[in-house]
Amino acid sequence: MPKFQPVRLKLKSGEELEIREAVPEDAASVLRYTDYISGESDNLTFGPGEFGITLAQEEEYLRAQTKLSNSIYLLGLLNGEVVASLSFAGGARPRIKHAGEFGMSVLKAHWNKGIGTTMLAAFLDWCRGTKEIRKVNLRVRVDNHAAIHLYKKAGFTTEGRKSREFQIGDGFIDSFLMGLELD
Ligand SMILES: CC(C)(COP(=O)(O)OP(=O)(O)OC[C@H]1O[C@@H](n2cnc3c(N)ncnc32)[C@H](O)[C@@H]1OP(=O)(O)O)[C@@H](O)C(=O)NCCC(=O)NCCS
């Protein structure tokens with residue numbers, strides 16, 4: 001039984017989004033996707049060429065993720081092409097394994113089609129189904145209004161603000177710490 005049952009969902013554009021867990025064989029497409037999105041916004045913790053993960057490391061990472069009950073790496077695909085990703089890592093020790101942090105992205109060409117909302121909803125459904133994950137955290141640039149809107153819509157609240165989380169060029173940018181408690 002797969003950890004995450006793949007789903008196919010109709011977007012408002014009429015396109016069909018497939019959401020499934022990434023497997024080690026996806027490593028090359030995940031790295032290609034990651035390299036591509038790194039140049040599309042300054043909202044991620046890496047810019048173009050800064051991800052610094054080899055194919056072998058990515059394969060190993062994805063393999064490890066598939067085996068962990070409180071971590072997941074989800075891909076969103078349109079016609080078999082990776083257009084979105086969402087990765088969540090739960091804590092490794094008993095006292096922190098109920099909580100973790102996630103990051104997500106969508107290819108710019110497909111922004112505002114509802115992919116982010118759909119990926120987040122599928123992820124939170126999975127979290128609830130685990131019964132193990134009880135708290136989901138994230139960090140987001142304070143000026144990333146689209147992402148903050150998305151997270152608030154899903155029920156996340158702002159729990160704090162971290163100064164100088166990003167340094168891009170000469171400028172520092174703060175991030176909000178947001179979280180969602182799950183029953
Ligand atoms: C944030 C991100 C994942 C959203 O993905 P998406 O597929 O475009 O999301 P959706 O289409 O489901 O929803 C976008 C929502 O933001 C809203 N939005 C778009 N631009 C906005 C803005 N500048 N200010 C406020 N809301 C905005 C849209 O209206 C939509 O809201 P609605 O569903 O209530 O109409 C995507 O923009 C992205 O990958 N950005 C770059 C990476 C990133 O920022 N990741 C998050 C890091 S914490």
Legend entry - Single unsatisfied condition, Glu50 versus (1) closer than 25 Å to Arg139 by Cα; (2) buried (at least 16 other Cβ atoms within 10 Å of the Cβ): (2)
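Can you tell me which residues in region 81-102 are open to solvent by 40 Å² or more (accessible area, probe 1.4 Å) and part of a strand (DSSP E or B)?
Taking region 81-102 as the starting set, the residues that turn out to be open to solvent by 40 Å² or more (accessible area, probe 1.4 Å) are 81, 89, 92-98, 101.
Result: Glu81, Ala89, Glu101.
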Inset, instruction - Return a yes/no flag: does region 63-80 have any residue that is part of a helix (DSSP H, G or I) and either among the aliphatic types (A, V, I, L, M) or within 9 Å of the ligand (Cβ to nearest atom) (or both). - result: yes
Inset, instruction - Go through region 161-183 and count every residue that is touching a Gly at 6+ places or on another chain (Cβ under 9 Å) and among the aromatic types (Phe, Trp, Tyr). - result: 1
Inset, instruction - Check whether at least one residue in region 142-156 is part of a strand (DSSP E or B) and out of contact with any Pro (no Cβ under 8 Å at 6 or more places or on another chain), and report yes or no. - result: no
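Arg139: open to solvent by 50 Å² or more (accessible area, probe 1.4 Å) and part of a strand (DSSP E or B), yes or no? Step through it out loud before you land on a result.
On the way: open to solvent by 50 Å² or more (accessible area, probe 1.4 Å): yes; part of a strand (DSSP E or B): yes.
The answer is yes for Arg139.
At pLDDT below 95 and of a type in the set (Asp, Glu): which single residue out of Glu132, Glu50 fits that description?
Values: Glu132 fails: at pLDDT below 95.
That would be Glu50, the only listed residue that is at pLDDT below 95 and of a type in the set (Asp, Glu).
Every residue in region 162-174 that is within 14 Å of the ligand (Cβ to nearest atom) and either farther than 24 Å from Val106 by Cβ or open to solvent by 70 Å² or more (accessible area, probe 1.4 Å) (or both), please. Can you show your working first?
Filtering region 162-174 for residues within 14 Å of the ligand (Cβ to nearest atom) gives 162, 165-166, 168, 173-174.
Selection gives Lys162 alone.
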Inset, instruction - Name every residue in region 103-125 that is crowded, with 17+ Cβ neighbours inside 10 Å and more than 9 Å from the ligand (Cβ to nearest atom), in order of residue number. - result: Ala122, Phe123, Leu124
Legend entry - Members of region 1-34 found to be charged (D, E, K, R) and either part of a strand (DSSP E or B) or modelled with pLDDT of 95 or more (or both), listed by number: Arg8, Lys10, Glu15, Glu16, Glu18, Arg20, Glu21, Glu25, Asp26, Arg32
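The values are calculated or read from the model by the stated rules, or taken from the named source; none is laboratory data. Note that the coordinates shown come from a computational prediction; the quantities given were computed from them, not determined experimentally. For neighbour counting, all protein chains shown are included, and Cβ atoms are generated from backbone atoms with ideal geometry for every residue, glycine included. For accessibility, only protein heavy atoms count, side chains too; no ligands or nucleic acids. Shrake-Rupley method; radii C 1.70, N 1.55, O 1.52, S 1.80 Å.
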